[in-house]
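The values are calculated or read from the model by the stated rules, or taken from the named source; none is laboratory data. Nothing here was measured: the structure is a model prediction, and the numbers come from that model. All Cβ positions, even for glycine, are placed from backbone atoms using ideal geometry, and neighbour counts span all protein chains on display. Quick note on the areas: whole protein, heavy atoms, side chains included, nothing else; ligands and nucleic acids left out. Shrake-Rupley method; radii C 1.70, N 1.55, O 1.52, S 1.80 Å.
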Amino acid sequence: MKTRTAFWVVRGDLTRSTYLVIGLIGFACLLLIWSGLAASGWFERIFLPGPLEVLRRFVVWLTQADLLGDIQISVYRVTAGFLFSLLIALPLGLLIGTLKPIQAFFEPLIEFARYLPAVAFVPLVMLWVGIDEGAKIAIIWIGTFFQMVLMISEDVRRVPMTQIEAAQTMGASRSEILTRVVLKSAMPNIVDTLRVTMGWAWTYLVVAELVAANSGLGYAILKAQRFLQTDKIFVGILLIGLIGFIMDQLFRLLHRRSFPWLHLR
Amino acid sequence: MAASPVMPLCHKISLQGLGKVFGAGAKQTAVLEDVSLEVAENEFVTVVGASGCGKSTLLRIIAGLETLTSGAVLLNGQPISGPGPERGMVFQDYSLYPWLSVMENVRFCRQLKIHRERSNSAREVHAAIGRSYALLELMGLLERKDAYPNQLSGGMRQRVAIARALMPKPQVLLMDEPFGALDAQTREVMHDLILHLFNRERSTILFVTHDVEEAIYLGHRVVVMAPHPGRIDSIHVVPLPAARHADMKLTPEFLALKKTILQRIHTTSGVYTDQDVLQRLTEIESFTH
């Protein structure tokens, strides 16, 4: 009884291994329901392939087609679009969150821009940038940049005022306050923001590749649809999910490594 | 040290007809009105008053964190402009840098250009390192120098904050209810620590608090402020020897001054403060015994 109460405590804690086991059970349930539905015969195979067929397709794709190349080009596009966003969003978000005139100038513009649907820009991007790599990176950039700036500026605004004022009374200059206090203080939250926006970058990768590409996971999914290769669509979707999951875990690892004071126990 | 309050040798801080107005137009409210005060070098002045009397705003203006609407703040006879390292400040809460260790927090000012330019010879750098160790030793935190702030208790954190504020050797130390968030026992320890520190560092301290007992125990003079608009009501010289001891809190002089100050706060603010209630309780108690 004692263990059960500890288990279900509001905001309680679990050991790392228990947490992992429960997480794996979650995945196992998904797999089980999927297998059951596929085996039940309620759906035609062509609409719902079973796990084994998907696995077989994965092996075929890996050995007889260029799966690794597709993954590589997709990861490259996401990373490039994401880094390009970050390169501008970090300094701009830092300035918007600390200097009122810059906030007044940029924030309404960005609030407006983030409601412009990135997907609707695809034809424009094709006209302006063409259909090569730049076009895909541009679409990912449009999809992530505006959200990223706003979220980073919000992270920056949450830095406690007394941390800034303490630096001022020690004689810190404005640039020293930005680099030595505000950025350092906001960094853990910014890394969390990047983890979340990385997920959106993957969403827009698929958009970019569905529309204007001849390689990559998103393109492969689109082509598979034309040939009614449902199992291949499944492989593509699951792989994107898996890669996203791995990147998420990498961000968490980065968080634990870079900000040890937040993970003391 | 002399057995009486330190006589002003020269004015370290001089507030001249200081006024502060928040808002504009019809919503204007005067937070401070015509505040004039002289603080001598090596003097410990405490400021008390009910909430809303502008005592924190006053301190923040001297620190340069708030602008003033009228009047002037002089430091060594020169008007101040903005915050500066000659006026150190200790805040009530959350001012430590959680990403830096205790020692790194104390040495934070050494990262700043203004201090590096001023003293960057090998000897001065060496002296600064020595000072950081000495301050932590004084604060009893030497063995916790590699800990992060969130591994420390509230009292320890505030000691780090004080050491950090003292590190650049400010001419004036401004303290804004620094012990307000601490429990009573820790607070008493901090009182004796700050007095020890004051005598060692020979600094000038302006200390804002809502605790009358704290104000009398620490200060050479106690400034009582009144609200609406914030102004100085009265200034009381503390009739206690410079070397304070906890037993002095029970002397007739101490209690008489405490009563006077509480009465001033009570009549000017028209609000029962916690101290009023406590005072009544002690009176009832002494009555029944």
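Quick notes on this structure:
- Criterion applied to A:VAL182, A:VAL196 was being over 17 Å from A:GLY81 (Cα atoms) and either open to solvent by 30 Å² or more (accessible area, probe 1.4 Å) or modelled with pLDDT of 95 or more (or both), and the one residue passing it is A:VAL182.
- Taking the range B:94-110 as the range and being at the interface with chain A (Cβ under 7 Å from one of its Cβ atoms) and not in a helix (DSSP H, G or I) as the test, the residues that pass are B:TYR94, B:SER95, B:TYR97, B:PRO98, B:TRP99.
- Unmet requirement for A:ASN189, which otherwise passes all of (1) more than 20 Å from the chain's Cα centre (by Cα); (2) open to solvent by 40 Å² or more (accessible area, probe 1.4 Å); (3) within 30 Å of B:PRO168 (Cβ to Cβ): (1)
- Matching residues in the range B:176-190 - criterion: being assigned to a helix (DSSP H, G or I) and either within 14 Å of the chain's Cα centre (by Cα) or buried (at least 16 other Cβ atoms within 10 Å of the Cβ) (or both): B:THR186, B:ARG187, B:GLU188, B:MET190
- Within the range A:6-58, the set of residues being open to solvent by 80 Å² or more (accessible area, probe 1.4 Å), under 15 Å from A:ILE237 (Cβ atoms) and not in a helix (DSSP H, G or I) comprises A:PHE47 only.
- Taking the listed residues B:GLU213, B:GLU253, the one that is in a helix (DSSP H, G or I), open to solvent by 10 Å² or more (accessible area, probe 1.4 Å), touching a residue at least 60 places away in the same chain (Cβ under 8 Å) and not assigned by TED's automatic domain parsing to the domain that holds B:LEU136 is B:GLU213, with no other qualifying.
- Of the helices (runs of 4 or more DSSP H) entirely within the range A:95-177, those holding at least 2 residues that are closer than 22 Å to A:LEU83 by Cα and open to solvent by less than 80 Å² (accessible area, probe 1.4 Å) occupy A:100-113, A:122-129, A:133-157.
One line per residue, one yes/no per condition, for (1) within 12 Å of B:LEU174 (Cα to Cα); (2) away from chain A (no Cβ under 12 Å); (3) surrounded by fewer than 22 Cβ atoms within 10 Å (Cβ to Cβ); (4) touching a helix residue (DSSP H, G or I) at 6+ places or on another chain (Cβ under 9 Å):
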{"position": "B:GLY88", "(1), (2), (3), (4)": "yes, no, no, yes"}
{"position": "B:LEU112", "(1), (2), (3), (4)": "no, no, yes, yes"}
{"position": "B:ARG118", "(1), (2), (3), (4)": "no, no, yes, yes"}
{"position": "B:ARG123", "(1), (2), (3), (4)": "no, yes, yes, no"}
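- The condition of being open to solvent by 50 Å² or more (accessible area, probe 1.4 Å) and farther than 30 Å from B:HIS266 by Cα holds for only one of B:SER95, B:SER81, that being B:SER81.
- Residue within the range A:224-231 that is of a type in the set (Ser, Thr, Tyr) and assigned to a helix (DSSP H, G or I) present: yes
- Yes/no for B:LEU65 being modelled with pLDDT of 90 or more and either open to solvent by 10 Å² or more (accessible area, probe 1.4 Å) or assigned to a strand (DSSP E or B) (or both): yes
- Close pairs (7 angstrom Cβ cut-off, 6 or more residues apart or separate chains): under 15 Å from A:LEU217 (Cα atoms) in the range A:227-251, of a type in the set (Lys, Arg) and surrounded by 11 or more Cβ atoms within 10 Å (Cβ to Cβ) anywhere: A:ASP231/A:ARG57; A:LYS232/A:ARG57; A:VAL235/A:ARG57
- Residue satisfying condition, being away from chain B (no Cβ under 14 Å), open to solvent by 70 Å² or more (accessible area, probe 1.4 Å) and either more than 21 Å from A:PHE82 (Cα to Cα) or not acidic (Asp, Glu) (or both), within set A:LEU250, A:LEU205: A:LEU250
- Candidates B:LEU173, B:LEU193, B:LEU197 - the one that is open to solvent by less than 10 Å² (accessible area, probe 1.4 Å), in a helix (DSSP H, G or I), on the phi < 0 side of the Ramachandran plot and touching a residue at least 40 places away in the same chain (Cβ under 8 Å): B:LEU197
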